[in-house]
Amino acid sequence: MDDVLAAELAGMAAEDRRVRQPPAGAEREFVIRVDPRTRMEGERVGVANTAGLREIISQHGWPGRSLVGEDGSHHAWLIAQHADRQLDFQREALEALADAVSRGDAAQRDLAYLTDRVRMNEGPEQVFGTQIAEVKDGNGVPWPVEDPAKLDARRAAVGLPPFEEYSRDWLSPGRRG
């Protein structure tokens, strides 16, 4: 395992979380209204993280479990997941992550989330219902999903809980993903 690379990814993920963290005491929201300086800091962190992960992928392929451990691979996913303004990179990361998953070197659930994020950004319906469009009556409502009747079966196949449970827990502070 490459401990230096794993630490680099951990630092990038920590910065991502720091700039996306809601103010203390604030409930999780889809758009946190922040001052322009804070928003621009988030943009700078996102661009720097994307550039760093792009370089890592170009040198190593997806930084999977065998290279950076379970946490390191998940940190890489987080960075790719939040690279919404660089859809070309998200597509590249999705392909690399799919390859790693096919070899058992990355988590299927991370692939499910990134698949849905890319589809949401491109326009097609999502597959796994991981991307929430709004909150109604305390529950998350997904972006449009293909074949909703089979959603929970697709979620179960990649280790995700039923959508109703996910929707109810979406606002939980410790939610992973």
- Solvent-accessible heavy-atom area per residue, rounded to whole Å², over the chain at 1.4 Å: 54
- Find how many whole Å separate the alpha carbon centroid of the stretch 33-82 from the alpha carbon centroid of the stretch 131-171. 25
- Message: How high is the relative contact order of the stretch 1-149? Use alpha-carbon pairs under 8 Å, at least six apart in sequence, and give a whole percent.
- Response: 19
- Query: Based on the mean of other beta carbon atoms within 10 Å per residue, what is the order of 38-46, 61-69, most packed first?
  - Reply: 61-69, 38-46
- What is the gain in length, in nm to one decimal, between Lys136 and Met1 on full extension, counting 0.36 nm per residue of separation less the C-alpha to C-alpha distance? 44.2 nm
- Query: Using only the Cα atoms, what convex hull volume per residue in Å³ does the stretch 40-98 have?
  - Reply: 67
- Message: Out of the total accessible area of the chain (probe 1.4 Å, heavy atoms of protein only), what percent is carbon and sulfur?
- Response: 51
- Task: Could you tally the net charge around Pro142, taking each other residue with its Cβ under 10 Å from the Cβ of Pro142, Lys/Arg +1 and Asp/Glu -1?
- Result: -3
- According to the square roots a ≥ b ≥ c of the eigenvalues of the Cα gyration tensor, what is the shape class of the stretch 4-161, taking rounded for a/c under 1.5, prolate for a/b larger than b/c otherwise, and oblate for the remainder? oblate
- In nanometres, what is the gap between the two model label sites at Glu165 and Trp143, each 7 Å from Cα along Cα-to-Cβ? 2.4
- Note on the structure: Packing-ranked peptide list from 152-158, 7-13, highest mean Cβ count within 10 angstrom first, is 7-13, 152-158
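The values are calculated or read from the model by the stated rules, or taken from the named source; none is laboratory data. Bear in mind that the values here come from a model prediction, so they are computed numbers and not experimental data. FYI the Cβ positions are ideal-geometry reconstructions off the backbone, even for glycines, and counts take in every protein chain you see. Note: areas computed on protein heavy atoms with side chains; ligands, DNA, RNA excluded. Shrake-Rupley method; radii C 1.70, N 1.55, O 1.52, S 1.80 Å.
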